Amino acid sequence: MKRISFTEKKDTRSGFGKALEKLGEINPEVVALCADLTGSLKMNAFADKYPERFFQTGIAEANMIGMAAGMANGGKIPFTGTFANFSTGRVYDQIRQSVAYSGKNVKVCASHAGITLGEDGATHQILEDIGMMKMLPGMTVINPCDYNQTYLATLAVAEHNGPVYLRFGRPSVPIFTSLEEKFEIGKAIKMNDGADVTIVATGHLVYEALNAAYALEEEGIKADVLNIHTVKPLDDEAILASVAKTGCVVSAEEHQMNGGLGDSVAQLLARKHPAPIEFVAVNDSWGQSGTPAQLMDHYNLNEAAVIEAVKNVIKRR
């Protein structure tokens, strides 16, 4: 394989905003609610074009979720928007009781997720949100990797009937997927073919995993790389088929090791196909202030960490 190339960087939250604007045009049932962060969530275009379908709730996230649940009862498709920390930790009770318990068709959309929020520091850098949301029965959890995939995921979420947690980020990251690529909720995308190790990655770590696969191939190690944009429902079939071929796995994510993608994959392997697994994730630690690049390196969420994990897991195979 060739080292992944890109011609443009863009933040994934902009992919969400652009798709939301498109949904306003094509689906009159779509409404949007925001907790005083319209610009940060890139919801401005929707708000400007469809003011009668946009609701600024102010810094009242719990009220926003309650309003969204009520709108879903009335047949609308509400998209709520705020930072990931406030989208989950601050309103978990409301999501659990008013949305997930009754399977409401509410789309909880969360920007500024993970440590790549950067300089805002530990209080805003939620790293446990995927775990919180995937534990709710019936909740779909999606974590796309770049601008294009976030755009496609947002469109797909509107067509899905049921509660969804859609997670995206603040920093500009390489655009390396195509808008022509099919996006199907719950279906992994094979990014590279190999027989020596399986790498399952989600969000910003998909790019790092692909470049790790390139470097490993230079050393004669060929990696099967799966883009797991949907953490729940997990694509068990794709993962098990890959592991049956490779015999070992590395998971990579911008999230706590506990409760994240790797946790779900390890459970799957324990039940269906026991195999060695290594984790590239934050290991029971809070975030801190710094640039996104500095923090990704500090917490070993990068190409080098994936390469090291691959070599370690192959030794255990």
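General remarks:
- Output for region 158-172, where each listed residue is in a strand (DSSP E or B), touching a residue at least 60 places away in the same chain (Cβ under 8 Å) and surrounded by 22 or more Cβ atoms within 10 Å (Cβ to Cβ): Tyr165, Leu166, Arg167
- Selected residue [not assigned by TED's automatic domain parsing to the domain that holds Asn258 and not in a loop (DSSP other than H, G, I, E, B)] from Gly138, Gly131: Gly131
- Restricted to strands (runs of 3 or more DSSP E) entirely inside region 1-106, those with at least 3 residues that are within 24 Å of Lys134 (Cβ to Cβ) and out of contact with any Pro (no Cβ under 8 Å at 6 or more places or on another chain) are 77-83.
- For region 186-204, the criterion of being in contact with a Pro (Cβ under 9 Å, 6 or more places away or on another chain), at pLDDT 95 or above, surrounded by fewer than 21 Cβ atoms within 10 Å (Cβ to Cβ) and part of a loop (DSSP other than H, G, I, E, B) is met by at least one residue.
The values are calculated or read from the model by the stated rules, or taken from the named source; none is laboratory data. All values derive from a computational prediction rather than experimental measurement. Cβ sites come from the backbone with ideal geometry, for glycine too, and all protein chains shown count toward neighbours.
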